[in-house]
Amino acid sequence: MFTRLSKTLGPKGNYLAVCRSLGRVPFAVSVRIFGRIATIPEILNIHDNFADGELRDPQVEAILSKAARPVVVDCGVNVGITVRWWFHLNPACRVFGFDMMQEAHELTQQRLTGRDAHYTGITAALSSTDGEEVTIQFTDPLDGKNRIGRSEKSGAGTRTLLTHRMDTLLESYALDRIDVLKIDIEGYAAKALLGAPKILAITQNVILEIHSEQELGDAEAVLVGGGFRLRRFRNRNLWFARG
């Protein structure tokens, strides 16, 4: 833990590792790449996805770094660590972020303050259809495990949202190319992909985090049917490329 975070973030990485062990962050710190870090979910996200390399991929990073103004669609923003990573790779990125929790966008915008970042946050429950009423039950809007449906958690809050297709939500932006589409939405990737045939037609790379065999099979079927091939996988993350 100490070595990985230190290698990624320098000496402040050791402090974040101690915070993870304590389960709290006594005081916020600003670290390179990710900016202000003040919560345990941010630390866990940095460690797992970047220090431990779960979301690191040389090909995707090269594409985003070299493009003049790449477009990224990030489904499952949570605490905004991946959004900050896209802007680290290329400050000229245009990032569209989807999350069911408005708090995810608010935190991400706060952390991006002071950077010349083009971030568009969209609060939505992605699905294959528009207008279906769904209930979200949660204890912490930023815990990264919120999903559609009720649970048995005591003291949980609830919210009601209408589902939307990704195609519907991005139509007004008139995008002609998406360099990277990242999906981590707790088991609903296939439904989100079924609602995005137009988006997939202009997408070059897809990063998919899976949460069940069912999600994997259904999502892969949509992607392969849309002209993508599985290029790489590591643990729960899969990288698909067009062609």
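Okay, here's what the table says:
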item	result
Test for Gln110: is it in a helix (DSSP H, G or I) and either within 15 Å of the chain's Cα centre (by Cα) or farther than 30 Å from Thr158 by Cα (or both)	no
Subset of segment 212-243 [open to solvent by 70 Å² or more (accessible area, probe 1.4 Å) and touching a Ser or Thr at 6+ places or on another chain (Cβ under 9 Å)]	Arg242
Test for Ser172: is it in contact (Cβ under 8 Å) with a residue 24 or more places away in the chain, at negative phi, surrounded by fewer than 16 Cβ atoms within 10 Å (Cβ to Cβ) and not acidic (Asp, Glu)	no
Sole residue being in a strand (DSSP E or B) and among the small types (Gly, Ala, Ser), chosen from Ser6, Ser65, Ser21, Ser30	Ser30
Which numbered condition Val79 misses (of (1) touching a residue at least 60 places away in the same chain (Cβ under 8 Å); (2) surrounded by fewer than 22 Cβ atoms within 10 Å (Cβ to Cβ))	(2)
Residue match in segment 98-105 (condition: polar (S, T, N, Q) and open to solvent by less than 40 Å² (accessible area, probe 1.4 Å))	no
Tally, over segment 49-72, of residues that are open to solvent by 20 Å² or more (accessible area, probe 1.4 Å) and out of contact with any helix residue (DSSP H, G or I) (no Cβ under 7 Å at 6 or more places or on another chain)	8
Top-ranked residue of segment 113-128 - restricted to ones that are of a type in the set (A, V, I, L, M) and out of contact with any Ser or Thr (no Cβ under 6 Å at 6 or more places or on another chain), ranked as most open to solvent (accessible area, probe 1.4 Å)	Ala117
Test: residue in segment 189-196 that is closer than 21 Å to Val83 by Cβ, in a helix (DSSP H, G or I) and out of contact with any His (no Cβ under 9 Å at 6 or more places or on another chain)	yes
Residues satisfying the stated conditions in segment 79-100, i.e. in a loop (DSSP other than H, G, I, E, B), in contact with a helix residue (DSSP H, G or I) (Cβ under 9 Å, 6 or more places away or on another chain) and under 21 Å from Asp167 (Cα atoms)	Cys93
Tally, over segment 131-167, of residues that are exposed (fewer than 14 other Cβ atoms within 10 Å of the Cβ), modelled with pLDDT of 65 or more and part of a strand (DSSP E or B)	6
Residue list for segment 68-78, restricted to those being closer than 23 Å to Ser172 by Cα and either part of a loop (DSSP other than H, G, I, E, B) or more than 16 Å from the chain's Cα centre (by Cα) (or both)	Ala68, Arg69, Pro70, Gly76, Val77
Restricting segment 33-48 to residues that are β-branched (Val, Ile, Thr), part of a helix (DSSP H, G or I) and out of contact with any Phe, Trp or Tyr (no Cβ under 8 Å at 6 or more places or on another chain), the residue that is most open to solvent (accessible area, probe 1.4 Å)	Ile40
Among (1) open to solvent by less than 30 Å² (accessible area, probe 1.4 Å); (2) of a type in the set (Asp, Glu); (3) without any contact (Cβ under 8 Å) to a residue 24 or more places away in the chain - the single one Glu209 does not satisfy	(3)
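The values are calculated or read from the model by the stated rules, or taken from the named source; none is laboratory data. This structure is a prediction, so every number in the text was calculated from the model and none was measured. As a convention, Cβ positions derive from the backbone with ideal geometry for all residues, glycine included, and neighbour counts pool all protein chains shown. Ligands, DNA and RNA are excluded from the accessible area calculation, which covers all protein heavy atoms including side chains. Shrake-Rupley method; radii C 1.70, N 1.55, O 1.52, S 1.80 Å.
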